[in-house]
Amino acid sequence: MVGNTISTKLIQLGHFVKMGSRTVHNQKAVEWANKNGKNASEGTFSNAAEFGEIIFNCTSGLNSIAALKSAGSENLKNKILIDIANPLDFSKGMPATLGICNNDSLGEQIQKIFPETKVVKTLNTMNCSLQVNPSMIPGDHDTFLSGNDEAAKNKVKEILTDWFGWKSVIDLGDIKTARGTEMLLPIWLSLMTKFGNPDFNFRIVRKNQQ
Ligand SMILES: NC(=O)c1ccc[n+]([C@@H]2O[C@H](COP(=O)([O-])OP(=O)(O)OC[C@H]3O[C@@H](n4cnc5c(N)ncnc54)[C@H](OP(=O)(O)O)[C@@H]3O)[C@@H](O)[C@H]2O)c1
C-alpha cells in the first residue's frame, strides 16, 4: 500500500522508480509497473536498492531488516534510506503491539545494521494517502524527521516540502528519536478505530512559535 502510493507519486513527479519485492515479477509490482508507464519498473529488493539513488523502506516493520538484508548492504551504501515502516506486530490480533519499543526502534536497528546508509525516519505517523498529499486535511499538521546525518535530513526535508507538499516538518533529532514516532502508533490505531477512517493527523501546538 505505502510502496504503491509513494511510487505512484514519484512517477507523477517525473522520477524513475523500481518497486522491489521478495520475488521478481511479484504480481502487485508488475501490475503497478504496467499501469505507471515507462519510468516504472519492478524487481527484487536487491534490484531496487541497486537502482535507486534514494531508497524508501515501505516493508512490513517486523520484516524490514530481512527485506533490507536481501536488498544488500553494498546496494544501500552511502545512500539515503527513508524509513516509513512501523514495527507493528499483528500476530496476536488487534490491537497490534510494537515488536520493538521503549529503548530501541526499528529506525535505530536499521541504522545500526547498515552503518554506511543514511537512515531518515519520517512519514510513519500517518496514513499513506496523506503522506503524499498533506493538503487533503485542512489546516496545519505535522510530520517528523529523525536521523543522524544532517545533510540527509535536509534532503529528505526538501523531498517532503517540495515534492510532497508538507508545510510543517519537525526535526526531532538523531535516529534515537524514532522511538517516539514509532511509539505514536498505538494512539494512531486507537484514533483510526474511533474515527472509522485514517484521514487525520497529529498537530503540535505551542505557546511560543519561533
Ligand atoms: N499503510 C499505511 O498507510 C502506512 C502508513 C504509515 C506507515 N506504514 C508502514 O509502512 C510499511 C508498509 O505498510 P503497507 O501497509 O504498505 O504494507 P505491509 O503489508 O505492511 O508490507 C508489505 C511489504 O513488506 C514486505 N514483506 C512482507 N513480509 C515480508 C517478509 N517476511 N520478508 C521480507 N519482506 C516482507 C512485502 O514484500 P513482498 O512485496 O515481497 O510481499 C512488501 O514489500 C509498514 O511497516 C507499515 O507499518 C503504513
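Values quoted throughout were computed directly from the atomic coordinates according to the rules given, and no laboratory measurement underlies them. Since we're looking at a predicted model, the values are computed, not measured. Neighbour counts are summed over all protein chains in view; Cβ atoms, including those assigned to glycine, are modelled from backbone coordinates with ideal geometry.
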- [ ] Indicate the gyration tensor shape class of region 1-156 (rounded, prolate or oblate), computed on the Cα atoms with a ≥ b ≥ c the square roots of the eigenvalues: a/c under 1.5 is rounded; otherwise a/b larger than b/c is prolate and the rest oblate.
- [x] rounded
Open item on the list: Within the chain, which is the longest segment that contains none of the GluC sites (Glu not before Pro) sitting in a DSSP loop with at most 14 other Cβ atoms within 10 Å?
Closed with: 117-210
Open item on the list: With θ taken as phi - 60° and the coefficients 6.51, -1.76 and 1.60, list the Karplus ³J(HN,Hα) couplings across region 114-131 in order, rounded to whole Hz; mark glycine and proline as x.
Closed with: 10, x, 8, 9, 9, 7, 10, 8, 6, 6, 7, 9, 8, 5, 5, 5, 6, 3
TODO: Report the relative contact order of region 73-118, percent, no decimals, based on alpha-carbon pairs under 8 angstrom and at least 6 residues apart.
DONE: 51
TODO: Note the full-extension length gain between Arg203 and Asn154 as 0.36 nm times their separation in residues minus their Cα-Cα distance, in nm to one decimal.
DONE: 15.5 nm
TODO: Using just the helices of the chain, give the 222 nm mean residue ellipticity in deg cm²/dmol: DSSP H runs with n ≥ 4 each add -39,500 (n - 2.57), and the total is spread over all residues, rounded to 500.
DONE: -9500 deg cm²/dmol
- [ ] Identify the trypsin sites (Lys or Arg not before Pro) of region 105-173 meeting these criteria: DSSP loop state and at most 13 other C-beta atoms within 10 Å of the C-beta.
- [x] Lys167
Task: Gyration tensor (alpha-carbon) shape descriptor, region 113-210, a/c threshold 1.5 - done: prolate
- [ ] Give the angle, between 0 and 90 degrees and rounded to the nearest 10, that separates the Cα long axis of helix 2-12 from the longest principal axis of the Cα atoms of the chain.
- [x] 70
Open item on the list: Taking θ = phi - 60°, what integer Hz values does the Karplus form 6.51 cos²θ - 1.76 cosθ + 1.60 yield along region 84-90, in sequence order, with x for Gly and Pro?
Closed with: 9, 6, 10, x, 7, 10, 9
Open item on the list: Could you work out the relative contact order of the chain? I mean the mean sequence separation of Cα pairs under 8 Å and 6+ apart, divided by the number of residues, in percent.
Closed with: 17
TODO: For region 86-120 and region 172-189, compute the distance between their C-alpha centroids and round to whole Å.
DONE: 10
- [ ] Pick out, in residue order, every one of the chymotrypsin sites (Phe, Trp or Tyr not before Pro) in region 1-89 that is DSSP loop and has at most 16 other C-beta atoms within 10 Å; say none if there are none.
- [x] Phe16
Open item on the list: Compute the angle between helix 185-195 and the longest alpha-carbon principal axis of the chain, please, reported from 0 to 90 degrees and rounded to the nearest 10.
Closed with: 80
Open item on the list: With θ taken as phi - 60° and the coefficients 6.51, -1.76 and 1.60, list the Karplus ³J(HN,Hα) couplings across region 137-150 in order, rounded to whole Hz; mark glycine and proline as x.
Closed with: 10, x, x, 7, 7, 10, 10, 10, 10, 9, x, 8, 9, 5
Open item on the list: Using 0.36 nm times the number of residues separating Ser168 and Val30, minus their current alpha carbon distance, what extension gain do you get?
Closed with: 46.2 nm
Open item on the list: Using amide H atoms built in the peptide plane, which far-off residues or other-chain residues are under 5 Å from Ile80 H to H?
Closed with: Ile55, Lys118
Task: Residues with amide H under 5 Å from that of Thr44, placed H, sequence gap 5 or more - done: Ser21
